[in-house]
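The values are calculated or read from the model by the stated rules, or taken from the named source; none is laboratory data. The model shown is predicted, which means the values in this text are computed figures rather than measured ones. Counting neighbours? That spans all protein chains shown, and the Cβs are built from the backbone with ideal geometry, glycine included.
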Amino acid sequence: MEMTPTPSAMNNLPELEFDEVGIWSELKLEIVENYGAAYTNAFANQSLKKYYVDAFSGAGVHISKNTGDQIDGSPARALKISPPFDGFYFIDMNEQKTAHLKSICAGRSNVQIKTGDASDYLIRSLLPTIQYEHYNRALCLFDPYGLHLDWRAMDMAGKSRAVDMFLNFPVMDMNRNAIWRDPSAVPQDGIDRMNRFWGDESWRSVAYAEHPQGNLFGGPDIVKQSNDVVVEAFRERLKKVAGFKYVPDPLPMKNSNNAVVYYLIFASQKPVAQKIIEGIFNKHR
């Protein structure tokens, strides 16, 4: 549900502080922008309607941790892509951020900005309208703030046969909240969030395995699996369950300490899309 702030309400909002982003986020923005341009060019001579969907859009502006300068966020970059998309959908929970986006997009009738839960809006309102049979297509960026995305949105995107999807696979947040070395100590809230993102509890059999030699007392010893094992299982899930035909190897996004913050996953129905994104990913591996 969209909640449009009144002028008086906007005046009462505290001053917006733009999010600081690391070099890995700047790289992601560049990748999405590069693919977006290739995407709209591919549809340049077709009558299909093409949309850009940014499910955790932010304010459209960030602060670079590297330089301290303001940089364009994904919505602002998408608006500049040529040939242009036919329509844009920007969604964020933060009222200040969507208010700032509205100021950036003032006068553009082909932009819809929603304040609220992205998964709910995607599942109930937007994704049912984007279908192969409806002669429309969408490039979706699902960049959640951790485990804040419902599997049903990803599943619907795949089964629509009309969506190319970028997904921030938040492995750091998974390790912080759900996939602990001692699975019995994980709080219920972490389990619930992981179930919602994964779609069921099958992540448990992926995240943990029994040590082949057991423990000192002869019983099974549960071993936490690596990040690579978890992301590969999810990649297969996008293909086998959600129905995306092409999900190339994801790009690990690393911080200055060389630790993986998240994996950037791409999924599509078209072999040409995989070829394009593999070329882009390989430049940054």
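Of all the numbered requirements in (1) over 21 Å from Trp24 (Cβ atoms); (2) in contact with a Phe, Trp or Tyr (Cβ under 7 Å, 6 or more places away or on another chain), Gln188 misses one, and that requirement is (2).
Surrounded by 14 or more Cβ atoms within 10 Å (Cβ to Cβ), assigned to a loop (DSSP other than H, G, I, E, B) and among the aromatic types (Phe, Trp, Tyr) - does that describe any residue in the stretch 179-187? Even if it seems obvious, please write down each step before you answer.
Residues of the stretch 179-187 that are surrounded by 14 or more Cβ atoms within 10 Å (Cβ to Cβ), as a first pass: 179-180, 183, 186.
Still in the running and assigned to a loop (DSSP other than H, G, I, E, B): 179-180, 186.
In the following step, the residues that additionally are among the aromatic types (Phe, Trp, Tyr) were identified as 180.
Checking the stretch 179-187: at least one residue is surrounded by 14 or more Cβ atoms within 10 Å (Cβ to Cβ), assigned to a loop (DSSP other than H, G, I, E, B) and among the aromatic types (Phe, Trp, Tyr).
Just checking, which of Asn45, Asn41 is at pLDDT below 95 and either farther than 19 Å from Pro144 by Cβ or part of a helix (DSSP H, G or I) (or both)? Steps first, answer last, please.
Working: Asn41 fails: at pLDDT below 95.
Exactly one of Asn45, Asn41 is at pLDDT below 95 and either farther than 19 Å from Pro144 by Cβ or part of a helix (DSSP H, G or I) (or both), namely Asn45.
Residues are listed down the side, and each one gets a yes or a no for (1) farther than 17 Å from Arg235 by Cβ; (2) under 18 Å from the mean Cα position of the chain (by Cα):
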residue: Met156; (1), (2): yes, yes
residue: Ala162; (1), (2): yes, yes
residue: Ile179; (1), (2): no, no
residue: Ile191; (1), (2): yes, no
residue: Phe197; (1), (2): no, yes
residue: Trp203; (1), (2): no, no
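Filtered by the rule that a residue be within 25 Å of His62 (Cα to Cα), within 18 Å of the chain's Cα centre (by Cα) and in a loop (DSSP other than H, G, I, E, B), the stretch 97-131 gives Gly116, Asp117. On inspection, Tyr89 passes the criterion of being touching a Leu at 6+ places or on another chain (Cβ under 8 Å) and assigned to a strand (DSSP E or B).
Would you say Arg137 is touching a helix residue (DSSP H, G or I) at 6+ places or on another chain (Cβ under 8 Å) and of a type in the set (Lys, Arg)?
Working: touching a helix residue (DSSP H, G or I) at 6+ places or on another chain (Cβ under 8 Å): no; of a type in the set (Lys, Arg): yes.
Criteria not met by Arg137.
Can you find even one residue in the stretch 231-246 that is touching a residue at least 60 places away in the same chain (Cβ under 8 Å), within 18 Å of Glu33 (Cβ to Cβ) and among the aliphatic types (A, V, I, L, M)?
No, because not a single residue in the stretch 231-246 is touching a residue at least 60 places away in the same chain (Cβ under 8 Å), within 18 Å of Glu33 (Cβ to Cβ) and among the aliphatic types (A, V, I, L, M).
Scanning the stretch 139-159 for residues that are closer than 17 Å to Lys50 by Cβ and in contact with a Ser or Thr (Cβ under 8 Å, 6 or more places away or on another chain) yields a single hit, Leu141.
For Ile104, the conditions (1) surrounded by fewer than 23 Cβ atoms within 10 Å (Cβ to Cβ); (2) under 23 Å from Val163 (Cβ atoms) all hold with the exception of (2).
Taking Gly60, is it under 19 Å from the mean Cα position of the chain (by Cα) and on the phi < 0 side of the Ramachandran plot? Considered against the rule, which asks whether it is under 19 Å from the mean Cα position of the chain (by Cα) and on the phi < 0 side of the Ramachandran plot, Gly60 comes out as no.
What's the total number of residues in the stretch 48-86 that are surrounded by fewer than 19 Cβ atoms within 10 Å (Cβ to Cβ), in contact (Cβ under 8 Å) with a residue 60 or more places away in the chain and in a strand (DSSP E or B)?
So the first thing to find is which residues in the stretch 48-86 are surrounded by fewer than 19 Cβ atoms within 10 Å (Cβ to Cβ), and the list is 48-49, 61, 63-72, 80, 82-84, 86.
Those left that are additionally in contact (Cβ under 8 Å) with a residue 60 or more places away in the chain: 48-49.
Cutting the leftovers down to in a strand (DSSP E or B) gives us 49.
Number satisfying all stated conditions: 1.
The strands (runs of 3 or more DSSP E) falling completely within the stretch 198-285 that include 2 or more residues that are hydrophobic (A, V, I, L, M, F, W, C) and either closer than 25 Å to Ser184 by Cβ or modelled with pLDDT of 95 or more (or both) map to 222-224, 260-267.
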